[in-house]
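Worksheet for the structure shown next.
The values are calculated or read from the model by the stated rules, or taken from the named source; none is laboratory data. Remember, it's a predicted structure, so these values are computed and weren't measured experimentally. For neighbour counting, all protein chains shown are included, and Cβ atoms are generated from backbone atoms with ideal geometry for every residue, glycine included. What goes into the accessible areas is simple: the full protein's heavy atoms, side chains included, and nothing from ligands, DNA or RNA. Shrake-Rupley method; radii C 1.70, N 1.55, O 1.52, S 1.80 Å.
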Amino acid sequence: MPHRISAVAAALLSVVATPLFAQTVTEFNRLSVVGNRDEINRIAGSAHVISDEELERFSYSDIHRILRVVPGLYIVEEEGLGLRPNIGMRGSGTDRSSRITLLEDGVLVAPAPYAAPAAYYFPTAARMSGVEVRKGSASIKHGPYTVGGALNLLSTPIPAEWSGEVAADAGTDGARNLHAWLGGDADGFGWLVETVQQSTDGFKRLDTGGDTGFSLSDYLVKLRYAPIDSDHGLELKLGATRQDGDETYVGLTLDDFEATPYRRYAGSQLDHIDTEHEQYQLRHDWRINADVDLTTVAYRNDFARAWYKLQSVGGLGAAAVLRDPTTHAAEYAWLTGTTSPDDALVIRNNNRAYYGQGIQSVLGWRAALGDVRHDVELGLRVHSDEEDRLQEDDGYRMDNGVMVLTSAGAPGSNANRAAEAEVVALYVQDEIRAGHWTITPGLRHERIRGTRTDFGANDPTRAAGPTGIRRSSANITIPGIGVNREIGGGHFAFASVHRGFTPSAPGSTSDAEESTNYEFGWRWSRGSARAEVVGFYNDYTNLVGTCTASTGGGCVIGDQFDGGKVAMHGLEAQGGWRWQAGGFQIPVSLSYTLTDAEFETSFVSAFGEFGTVERGDELPYLPPHQARLGVGVEKPRWQLHLGASWVDEMRTTAGTGRPPRTERTDSYLVLDVAGQMQLRPNLALYARVDNLLDNEYLVAWRPAGARPGKPRSVIAGVRWGF
């Protein structure tokens, strides 16, 4: 079971022991990633907003499906439900979304953003009211992961008046979803209570029978005090999420995938994950005068997870067995249910606890010098986080399809260590507007102190003290500048250059990941029509690979590997318009991403996705092409929308030419359709079919073996607002 998370009162005390700072609740939202959406055309870089209206069209709970509309994002599915997303930006790497700056309401939300950024916790997509994506030079404001960019999830805001909404639906494989919120504002006191409840039996079929789905409970409370006649606003946000899942890292052999893609082997019957997440935020914003404002937030996130999952079969990792079941015929037989010797199957209790806490503050100053306007931001973040591992391995015998415990490991006997980071980050940015020009120079500085402390395998209480301590540090300055020029007729041209940076893990001997990133683009809008084309080029001086179980293992978990120089370039395009014909509204949207990335050095690496690399080899898990088309038909009382997502096949290991079938994913097209009928002004029925054509397609060979995308599923529900 996960480490016990501290009580709410204790955690709040640890947050408010420092000055009570927090976020903005008025129009000067300094923690926003995109800022004023009405002026997005003048942003000197790539910026995207997915609105509440767009989210409601499909009512997705899978963040992967939500983000398909944004070009320049790379998504690698895993369990088909979006529970542990793998998201990258502009080739930054996708594993557990650990190479992007992940935020909720402008606050770092990964379990330990510096010490262990792998997002085994991800905010519940179903309770979000919007999504912001920022790439290019403006991403240095948010940091520390500036190679790709920032993803900011916007939670449900406190409503201006007493109101609420309930959405409930059910569907195939026992899927059940409930999203409900209630709130209001009176005399400057606002409040919101919200919950999401989700569960499914899962679409995979265990050889031994049983569920392969999950259940999730998410609760959120917001309290705000912001009198109309006051220059101050204070908001408290408290959240708790619990997840219980019957999920595994074990996939299939190629032959088994092609025969029964949704099968799960008997050897994964005990795989199970429990997670607990709690968040605390206290935000304060202060309009000092008409030109100066201060936004500050104190925050803490606690996360614990215990993933009890198959680690090895006959001493071999499951990935090795599934790549070559002929050579490893005995191990494959045990994995699929044949009686085995004692301890032939090893399950690891991946028991880890995390925290991340800090204070961040942004001072804003607006000034006009003649015809030149300045909007200056000065930001400070003081942050600390930690990952604590206390893991053990248990041995099992397979007995005619049933796993029987044959030896129990002592807590900490596999991994007994902690990694922590202490950070001070500052940035300054000035948005300068002069006539048709917008120029945005910025500078970020990160001072990071990391420590990894190892303890004895026979010392679960750590009374004997550490067996080893590794330390690392980084002082990095990250400059960037973006330029935007309005050229008339709704046309805008922009370009930017900035330094990309991804910090090393605490105690790592690998260099930090660094690059110089360029982008140039054109943006146009008129009425309901819009279009944008952006070219980007990332020149890596050092690409870093991190060994994790989710990338397939085969190396020491946590170790990092230098990948040397890499050149990456691509094209992002999107457009949308809304026709009116015969009383119908017909919205159309299209996005497309082209990517080409190559290693510029030759080397041999123990990191499985690199392996033996020759100069000119292509990077793994980057599709050369991907696109998404959305078409809708709307009337005042009903609407129907179709979303078509296409992803090109991609390599799963570095190399050139078309790889063998066991080293590439499928090219696939997935059609989703959703409809809504308004019965009354505050009452609607809705339904959705995911993967309408029921295509079977292979999305990844990691963590271990071939993994399928989600088959056709249907949900139908009702939404009531009041």
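Let's see how each residue does on (1) open to solvent by less than 20 Å² (accessible area, probe 1.4 Å); (2) in contact with a strand residue (DSSP E or B) (Cβ under 7 Å, 6 or more places away or on another chain):
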position: 649; (1), (2): no, yes
position: 652; (1), (2): yes, yes
position: 658; (1), (2): no, no
position: 663; (1), (2): no, yes
position: 673; (1), (2): no, yes
position: 678; (1), (2): no, yes
position: 681; (1), (2): no, no
position: 684; (1), (2): yes, yes
position: 689; (1), (2): no, yes
| request: Please indicate, with yes or no, whether at least one residue in the range 502-517 is at pLDDT 95 or above, within 28 Å of residue 99 (Cα to Cα) and open to solvent by 10 Å² or more (accessible area, probe 1.4 Å). | output: yes
| field | Qualifying positions in the range 182-211 - within 24 Å of the chain's Cα centre (by Cα) and within 22 Å of residue 222 (Cβ to Cβ) | value | 194, 195, 196, 197, 198
| remark: Picked from the range 359-370 (must be open to solvent by 30 Å² or more (accessible area, probe 1.4 Å) and either modelled with pLDDT under 95 or out of contact with any Gly (no Cβ under 8 Å at 6 or more places or on another chain) (or both)), the residue nearest to residue 419 (Cα to Cα) is 359
| Of all residues in the range 110-130, how many are surrounded by fewer than 24 Cβ atoms within 10 Å (Cβ to Cβ), closer than 22 Å to residue 274 by Cβ and over 11 Å from the mean Cα position of the chain (by Cα)? | 2
| field | Qualifying residues in the range 273-297 (those that are open to solvent by less than 10 Å² (accessible area, probe 1.4 Å) and either touching a Ser or Thr at 6+ places or on another chain (Cβ under 6 Å) or in a helix (DSSP H, G or I) (or both)) - the one farthest from residue 353 (Cα to Cα) | value | 285
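Across the range 53-92, which residue is least open to solvent (accessible area, probe 1.4 Å) among those that are aliphatic (A, V, I, L, M) and more than 12 Å from the chain's Cα centre (by Cα)? Spell out how you get there, then give the answer.
Within the range 53-92, the subset aliphatic (A, V, I, L, M) is 55, 63, 66-67, 69-70, 73, 75-76, 81, 83, 87, 89.
Those still in the list that are more than 12 Å from the chain's Cα centre (by Cα) too: 55, 69-70, 81.
Details: 55: 27, 69: 46, 70: 9, 81: 38 Å².
Step by step, filter the range 53-92, then rank; the result is 70.
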| field | From 133, 107, residue being of a type in the set (Val, Ile, Thr), in contact with a His (Cβ under 6 Å, 6 or more places away or on another chain), buried (at least 22 other Cβ atoms within 10 Å of the Cβ) and modelled with pLDDT of 95 or more | value | 133
| task | Report yes if residue 168 is in contact with a Leu (Cβ under 8 Å, 6 or more places away or on another chain), over 20 Å from residue 191 (Cα atoms), open to solvent by 10 Å² or more (accessible area, probe 1.4 Å) and aliphatic (A, V, I, L, M), otherwise no. | result | yes
| task | Please enumerate the residues belonging to the range 595-616 that are surrounded by 18 or more Cβ atoms within 10 Å (Cβ to Cβ), assigned to a strand (DSSP E or B) and either over 26 Å from the mean Cα position of the chain (by Cα) or among the hydrophobic types (A, V, I, L, M, F, W, C) (or both). | result | 597, 599, 613
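Go through the residues of the range 397-405 one by one and say whether even a single one is assigned to a loop (DSSP other than H, G, I, E, B) and surrounded by 15 or more Cβ atoms within 10 Å (Cβ to Cβ). Write out each step before concluding.
Residues of the range 397-405 assigned to a loop (DSSP other than H, G, I, E, B): 400-401.
Checking which are surrounded by 15 or more Cβ atoms within 10 Å (Cβ to Cβ) leaves us with 401.
Yes; the residues of the range 397-405 include at least one that is assigned to a loop (DSSP other than H, G, I, E, B) and surrounded by 15 or more Cβ atoms within 10 Å (Cβ to Cβ).
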| request: Can you run down the residue pairs with Cβ atoms below 6 Å, 6 or more apart or on separate chains, where the first is in the range 311-336 and of a type in the set (Val, Ile, Thr) and the partner is assigned to a loop (DSSP other than H, G, I, E, B) and surrounded by fewer than 21 Cβ atoms within 10 Å (Cβ to Cβ)? | output: 321/328
| query | Could you list, in sequence order, the residues of the range 257-272 that are touching a residue at least 40 places away in the same chain (Cβ under 8 Å) and either assigned to a strand (DSSP E or B) or acidic (Asp, Glu) (or both)? | reply | 263, 264, 271
| Picking from 707, 688, which residue would you name as being within 22 Å of residue 95 (Cα to Cα) and in a strand (DSSP E or B)? | 707
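One residue is enough: does the range 433-447 have a residue meeting the conditions among the β-branched types (Val, Ile, Thr), open to solvent by 40 Å² or more (accessible area, probe 1.4 Å) and in contact (Cβ under 8 Å) with a residue 12 or more places away in the chain?
Filtering the range 433-447 for residues among the β-branched types (Val, Ile, Thr) gives 438-440.
With the extra rule that they be open to solvent by 40 Å² or more (accessible area, probe 1.4 Å), the set shrinks to 439.
Next, only the ones that are in contact (Cβ under 8 Å) with a residue 12 or more places away in the chain stay: 439.
Checked against the condition, which is being among the β-branched types (Val, Ile, Thr), open to solvent by 40 Å² or more (accessible area, probe 1.4 Å) and in contact (Cβ under 8 Å) with a residue 12 or more places away in the chain, the range 433-447 yields at least one hit.
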| message | Can you pull out every residue in the range 183-194 that is aliphatic (A, V, I, L, M), open to solvent by 20 Å² or more (accessible area, probe 1.4 Å) and under 15 Å from residue 239 (Cα atoms)? | response | 193
